[in-house]
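Please read the structure below before turning to the comments.
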Amino acid sequence: MKRTWKSLLLACNWVLLSIGTSILIILTQPTAPVPAQEPAASTTVETINSPSSETTKDQKLREAIERSSTKEASPEVSEPKKPDSPQEPTLSPEEISRQLKFIEADRLYLAGQIPEAEKIYREVKEPFTKTSTPQERKPAILDPTQLSPGGKVYWRESEAGIATKLQTRTVVPLQLLVEQYPEFIPGHILYAQILKQYDRPKEALDILERASSLYPDQPELIKARVNALAGEKKWMEASLAARQFAILNPEDPQAAEFTNLAQENLERYKRHIRAEIRGNVIGNIITGALGYALTGSLLGPFSAIDSTIILLQGERAIGDSVAKDAKKQLNVITDETVLGYVNEIGQKLAKVTGREEFKYEFFVIPEESLNAFALPGGKIFINAGAIAKTNSEAELAGLIGHELSHVVLSHGFQLITQGNLISNVTQYLPLGGTIGQLFALSYSRDMERQADTLGTRLIVASGYAADGLRNLMVTLDKQQKNAPPSWLSSHPGGGERVSNLENLITRSSYNRYAYEGVGRHTEIQAQVKKLLQEKKAREEKK
């Protein structure tokens with residue numbers, strides 16, 4: 001018995017010294033910036049407009065479309081038919097003809113014959129049907145002289161209240177001003193400043209947040225919100241708000257300034273966390289050493305320290321850590337043709353995001369549902385069913401662009417950092433053996449709108465038809481029967497978002513009549529369906 005306790009004490013001392021030393025070394029080292037890496041090389045995929053054998057390729061594509069429409073099994077894999085299994089709807093002759101027209105338009109578009117291609121696109125594309133009148137949002141007012149007579153009265157009263165240092169005379173007219181004239185940006189900024197002055201910082205932040213959601217493109221308003229968040233030591237939120245403005249408004253003259261603001265606040269956040277860790281590290285080490293002595297495991301006792309260090313290292317570290325386990329558990333597809341196709345689309349979109357510090361990687365999961373998810377730091381997982389059930393490369397690009405937008409806007413990282421820093425990261429990004437558990441990040445409606453907006457901009461900037469993401473939403477609506485598709489159920493508001501995307505495309509004059517990639521997509525679909533059939537056959541044998 002004495003020897004046992006002596007062994008336990010020796011174990012405690014050994015763990016205390018070794019782990020404590022290693023963690024303190026980590027904490028005392030300066031944080032080095034992560035060098036940007038070149039995107040992973042993509043496998044070249046033959047496009048449909050190869051100069052040679054165009055007639056032969058068109059014939060093969062026609063045969064592939066017709067074979068797919070009749071759900072003909074691949075000759076290599078004989079899939080047993082089940083009388084009670086639901087069958088995919090077959091394509092009508094009209095739908096086959098429509099796809100062939102898309103293929104011809106894509107060929108012309110890639111050959112540089114844009115007017116001829118656009119003419120065909122216009123013939124086969126249906127007009128928007130769900131477009132509703134955009135909710136009226138009055139243009140922003142920056143000059144008090146542009147206010148109505150009533151608004152000017154409120155503004156003068158608030159200025160008089162400031163001069164006389166009377167709280168009620170200042171606060172009341174400003175409150176009425178922002179309620180009745182939400183388009184007056186200086187009113188929101190001044191009201192928030194006054195509320196903070198009278199020790200009401202939470203109300204000040206609420207005012208700026210509501211105003212920012214109405215006018216997210218107003219730099220002075222966003223800057224006021226960033227500074228207010230930083231003043232309340234909410235440095236991570238301040239960093240994210242600044243970065244999101246810079247990414248969503250790249251043409252704004254102050255975009256670079258907001259990028260710097262984002263980095264400054266991120267560094268403040270890291271310094272704060274590093275100080276907290278130093279303050280608690282000894283207690284954590286002792287707790288961990290005792291836990292090791294009692295359980296023989298370092299994973300449980302040190303999960304809090306590990307998680308905090310990962311958060312300190314940043315988004316890329318989280319993505320790398322979780323993606324490593326995810327790839328093992330999800331048994332990702334290794335087919336070079338399919339991976340090259342998805343990677344080429346993803347890297348093309350990633351180049352225009354503005355965040356070069358991430359290493360973007362794209363993986364395909366052998367699952368039939370139309371689904372996808374993103375991990376912080378640039379790790380995107382796409383279900384094979386997303387390739388099989390989308391109608392074009394532009395639709396798939398819309399899906400990838402949406403998930404990529406969650407990454408570059410730091411949505412997942414924001415949700416993680418909102419949690420308790422001493423909790424294990426894995427409770428926010430669980431990997432418990434089922435794919436559904438990976439969809440743990442519940443994005444807000446604002447986050448979804450931002451990802452829809454930026455995702456559409458990404459595909460437009462990459463040369464795809466502007467309605468790729470919108471058409472994906474329509475596809476999901478059509479597939480929706482008794483239950484919504486997985487991706488739609490984890491991203492609510494499908495019908496509303498179709499309307500929002502149509503309004504965005506119309507209002508911004510984005511080009512719907514650009515590259516769709518139907519023929520190329522059909523070729524990859526055939527390979528994906530073959531892989532899914534092979535997987536199903538293996539499972540049935542088991």
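The values are calculated or read from the model by the stated rules, or taken from the named source; none is laboratory data. Treat the numbers as computed from the prediction; the structure is a model and nothing was measured. Cβ coordinates were reconstructed from backbone atoms using ideal geometry, including for glycine residues, and neighbour counts include every protein chain displayed.
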Residues within the range 179-190 that are part of a helix (DSSP H, G or I) and either over 12 Å from A140 (Cα atoms) or of a type in the set (S, T, Y) (or both), tallied: 4
Which numbered condition I505 fails, given (1) more than 23 Å from P250 (Cβ to Cβ); (2) of a type in the set (V, I, T); (3) modelled with pLDDT of 85 or more: (1)
Residue tally, condition at pLDDT 90 or above and surrounded by fewer than 21 Cβ atoms within 10 Å (Cβ to Cβ), over the range 446-460: 0
Residue match in the range 182-205 (condition: assigned by TED's automatic domain parsing to the domain that holds K165, within 22 Å of E264 (Cα to Cα), surrounded by 17 or more Cβ atoms within 10 Å (Cβ to Cβ) and at pLDDT below 90): no
Residue satisfying condition, being modelled with pLDDT under 85 and crowded, with 20+ Cβ neighbours inside 10 Å, within set L221, L208, L240: L240
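Confirm whether T522 is in a helix (DSSP H, G or I) and either at pLDDT 85 or above or outside the structural domain of E344 (by TED's automatic domain parsing) (or both).
Taking the combined requirement at face value, the residue satisfies it.
How many residues does the range 461-490 contain that are hydrophobic (A, V, I, L, M, F, W, C), modelled with pLDDT of 65 or more and part of a helix (DSSP H, G or I)?
6
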Sole exception among (1) buried (at least 20 other Cβ atoms within 10 Å of the Cβ); (2) modelled with pLDDT of 85 or more for L438, by number: (2)
Residues of the range 332-376 classified as part of a strand (DSSP E or B) and either without any contact (Cβ under 8 Å) to a residue 12 or more places away in the chain or β-branched (V, I, T) (or both), total: 2
Selection within the range 150-178 - among the aliphatic types (A, V, I, L, M), part of a helix (DSSP H, G or I) and either over 41 Å from the mean Cα position of the chain (by Cα) or loosely packed, with under 14 Cβ neighbours inside 10 Å (or both): V153, A160, I162, A163
